[in-house]
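**Q** Okay, handing you the structure first.
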Amino acid sequence: MIRIGLDARLLAYRREGIARYILELAARLPRVIDDPEIRLLIFQSRKDPNARVAAPNTRTVYVWTPPHHRWEQRTWPLEVAIRRVSLLHSPDFIPPFSGSFHRVITIHDLHFLKYPDFMTMESRRYYAGQIEKAVRLADHIIAVSQTTRADLMAYFGLPSDRVSVVYEGASEVYRPLPSETIEEALGRLGLKPGYILFVGTWEPRKNLPMLLRAYARLLDRRPEAPPLVLAGRRGWLYQEILEWPHRLHITDRLRWVEGPDDLTLAALYNGAAFLVFPSLYEGFGLPALEAMACGTPVIVSDRGALPEVVGDAGLILPAEEESRWTEAMEALLEDAEARERMRRKGQERAALFSWDRAAAETWAIYRRVLGR
């Protein structure tokens, strides 16, 4: 029996971003692994005791070592070694540095190298201090976009055959919903359809101060404009972001929705006039894809992989040109026909991305690394 391990320890601490990637792969890999000699081991934290996958070729293994811990490289390799895996996939890209098994890592972006000031010192130390060793040890590297692949090759001089692009997808929960479902979910939040929506972690990289200034200008030009809803969670260095609404005197026009679950977030996408996502850098940009899958028009920045994901289905604006964002929001609020065109094109674009395809392509990489 050949054992493949998937590091899912992060699921004990969060559900978005890399954790979403892990959840979707863990659910789909058992369906695409068609080799009877392969057993998939899902490594989960003991703080997350619920088995998430039930399949004959899959087993959940509970481990002690937390992710991102200072002792991780001492204890985590031992926990992997005693399970006798032939290959370990590290979706958070830092694998055990010791142990005689193959390593596949997924690198979602290089924001810790491109924008180090947007992170805490501790987080910079963890990621930037270990990436070169992780890249050197990996048998194969998965990048979630051509943008991330190009960044990796530029920073580390990697040969093209060591890095494969496997695009992410939108979870099945993100789809057009019946109006009564939307209204019921929004009613619990005290919202009515037609607001402007941002989805993402509240941290400097997401460029929220610019968005808040652009929205304040929109209110100056159009006082009856709908509220701006910001759904997500507090991230690195979020305190200054929360000061901006007071400086701009727009606190009463904002709604902060912290930690929405999938069903609530799907309803938020569905109820929005459009999504605004002005991030300064994204290795992929799941909120844009999820919004398009729900039939929600999107306005995104021209940074990172966002143009690659959105294509011609949304509006793409310079990340820091505040006036352009104000003008685009105002124009889209006034143009129902444009919103309808973007809704249709967005759904067509989102259909090109699939977690089932991501799982199949990931399994193909495992096979190649194992020589099967």
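The values are calculated or read from the model by the stated rules, or taken from the named source; none is laboratory data. Everything numeric in this text was worked out from a predicted model, so none of it was measured. Here the Cβ is made from the backbone with ideal geometry for all residues, glycine too, and neighbour counts use every protein chain on show.
**Q** Among the residues of segment 234-264, how many are part of a loop (DSSP other than H, G, I, E, B) and surrounded by fewer than 18 Cβ atoms within 10 Å (Cβ to Cβ)?
**A** Looking only at segment 234-264, we keep the residues that are part of a loop (DSSP other than H, G, I, E, B), and these are 235-238, 249-250, 259-261.
Next, from what is left, pick out any that are surrounded by fewer than 18 Cβ atoms within 10 Å (Cβ to Cβ): 236-238, 249, 259, 261.
Residues flagged as part of a loop (DSSP other than H, G, I, E, B) and surrounded by fewer than 18 Cβ atoms within 10 Å (Cβ to Cβ) within segment 234-264 amount to 6.
**Q** Report the residue count in segment 35-59 for those that are in a strand (DSSP E or B) and over 24 Å from the mean Cα position of the chain (by Cα).
**A** Of the residues in segment 35-59, the ones in a strand (DSSP E or B) are 38-45, 58-59.
Of the ones still in play, those that are also over 24 Å from the mean Cα position of the chain (by Cα) are 38-39, 58-59.
Qualifying residue count, segment 35-59: 4.
**Q** Looking at the structure I just gave you, is LEU219 of a type outside the set (S, T, N, Q), free of Cβ contacts under 8 Å to residues at least 40 places away in the same chain and under 18 Å from ALA291 (Cα atoms)?
**A** Considered against the rule, which asks whether it is of a type outside the set (S, T, N, Q), free of Cβ contacts under 8 Å to residues at least 40 places away in the same chain and under 18 Å from ALA291 (Cα atoms), LEU219 comes out as no.
**Q** Now for a different question. Can you tell me which residues in segment 64-100 are of a type in the set (A, V, I, L, M, F, W, C), surrounded by fewer than 18 Cβ atoms within 10 Å (Cβ to Cβ) and within 24 Å of TRP363 (Cα to Cα)?
**A** ALA81, ILE82, PHE97
**Q** Which one is modelled with the lowest pLDDT among residues in segment 180-208 that are out of contact with any helix residue (DSSP H, G or I) (no Cβ under 8 Å at 6 or more places or on another chain) and part of a loop (DSSP other than H, G, I, E, B)?
**A** Here the answer is THR201.
**Q** Among the residues that make up segment 64-86, is at least one of them more than 30 Å from GLY200 (Cβ to Cβ), in a strand (DSSP E or B) and touching a residue at least 12 places away in the same chain (Cβ under 8 Å)? It would help to see each step written out before you state the result.
**A** First, pick out the residues of segment 64-86 that are more than 30 Å from GLY200 (Cβ to Cβ): 64, 71, 73-75, 77-86.
So of that shortlist, the ones also in a strand (DSSP E or B) come out as none.
No: zero hits.
**Q** Let me ask another. Collect the residues in segment 330-354 that are over 20 Å from PRO287 (Cβ atoms) and assigned to a helix (DSSP H, G or I), keeping them in residue-number order.
**A** GLU330, ALA331, GLU334, ALA336, GLU337, ALA338, GLU340, ARG341
**Q** Follow-up question, since we're still on this one. Search segment 330-372 for residues being among the hydrophobic types (A, V, I, L, M, F, W, C) and in contact with a Gly (Cβ under 8 Å, 6 or more places away or on another chain), and hand back the single one that is surrounded by the most Cβ atoms within 10 Å (Cβ to Cβ).
**A** MET342
**Q** Go through segment 141-153 residue by residue and tally those that are surrounded by fewer than 20 Cβ atoms within 10 Å (Cβ to Cβ) and within 21 Å of the chain's Cα centre (by Cα).
**A** Final tally of qualifying residues: 2.
**Q** How many residues, within segment 121-151, are within 18 Å of LEU306 (Cβ to Cβ) and either out of contact with any helix residue (DSSP H, G or I) (no Cβ under 8 Å at 6 or more places or on another chain) or in a helix (DSSP H, G or I) (or both)?
**A** Count: 6.
**Q** Can you name the residue in segment 306-329 that is part of a loop (DSSP other than H, G, I, E, B) and in contact (Cβ under 8 Å) with a residue 60 or more places away in the chain and, of all such residues, is surrounded by the most Cβ atoms within 10 Å (Cβ to Cβ)?
**A** The residue in question is ALA319.
**Q** Out of LEU219, LEU177, LEU275, LEU230, report the one residue that is under 24 Å from ALA313 (Cα atoms) and not in a strand (DSSP E or B).
**A** LEU177
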